[in-house]
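Written below as structure tokens is the structure these notes are about.
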Amino acid sequence: MTRRVTFTFDNGPTPGVTAGVLDILARRGLQATFFVIGQKLRAPAAAALASEAHAAGHWIGNHTFTHSVALGERTDAAYAAHEIEDTQALIGTLAHPDKLFRPYGKSGRIGPHLLSRAAVSLLQAQRYSCILWSSVPRDWCDPDGWVDRCIADVTARDWTVVVLHDVVGACLPHLSELLDRLDDLGVEYRQDFPEDVVLMRTGTPVHLSDAYMSESDLPDVAPADC
Ligand SMILES: [Zn+2]
């Protein structure tokens, strides 16, 4: 069976890294989504990288403003508005028409810390699409071992949404190696997202449930060690 793979690159844009990722993707004709951090876009060099990615046909998604405290750990409406809307304002015309948003998972965990009730209300009212993931091979904390984990994830599923990171010390040094191995497996590269990772699409619930949101502030858990 042909496996499908959708790539997402989170936590950038990063000068010195994102351009290298874009170069590798361009040489292979692959298109992905870059889930960017709002406060990084304030730097002109990072904003230019987001524009460059958009011009190359990649989708630009919103990955919160500060990427610090998860939305389910700080559930007031003002925090959700800052994290989501201030980032979307900086993304501006680069935004995908479906308004792609990915919450901060704290080391890729999925659970009620991802969203607050207030964040969900905002995302629905403003017709965002909320996109999770199905593979987090931990490129940021295992720069030499994440490729094997990614291959294992891809072979275990029909359609895998992979989270990699265009930050220093993450996927870039072994990205070409990963793509060579995926080519050998004959995977189909996709830019869109399978239903199983979509919590809502343009404001309409898909897999939205209480499992992904908190009513009141959860403890601020530290991201997992490697
Ligand atoms: Zn992230």
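Values for this structure:
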{"read-out": "Strands (runs of 3 or more DSSP E) lying entirely in region 1-80 (those with 2 or more residues that are modelled with pLDDT under 95, closer than 20 Å to Ile131 by Cα and within 15 Å of the ligand (Cβ to nearest atom))", "value": "none"}
{"read-out": "Test result for Arg181, touching a strand residue (DSSP E or B) at 6+ places or on another chain (Cβ under 9 Å) and of a type outside the set (Gly, Ala, Ser)", "value": "no"}
{"read-out": "Members of region 79-137 found to be among the small types (Gly, Ala, Ser) and over 24 Å from Arg4 (Cβ atoms), listed by number", "value": "Ala80, Ala81, Ala89, Gly92, Ala95, Ser107, Gly111, Ser116, Ala118, Ala119, Ser121, Ala125"}
{"read-out": "Top-ranked residue in region 76-101 [being of a type in the set (S, T, N, Q) and surrounded by fewer than 20 Cβ atoms within 10 Å (Cβ to Cβ); ranked as nearest to the chain's Cα centre (by Cα)]", "value": "Gln88"}
{"read-out": "Those strands (runs of 3 or more DSSP E) lying entirely in region 123-226 with at least 1 residues in contact with a Cys (Cβ under 9 Å, 6 or more places away or on another chain), hydrophobic (A, V, I, L, M, F, W, C) and open to solvent by less than 20 Å² (accessible area, probe 1.4 Å)", "value": "159-165, 198-201"}
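The values are calculated or read from the model by the stated rules, or taken from the named source; none is laboratory data. In this text the structure is predicted, and so the values were computed from the model without any measurement. Backbone-built Cβ (ideal geometry, glycine too); neighbour counts: all protein chains shown. The protein model used for the area step is the full one, side chains on, heavy atoms only, and it has no ligands, DNA or RNA in it. Shrake-Rupley method; radii C 1.70, N 1.55, O 1.52, S 1.80 Å.
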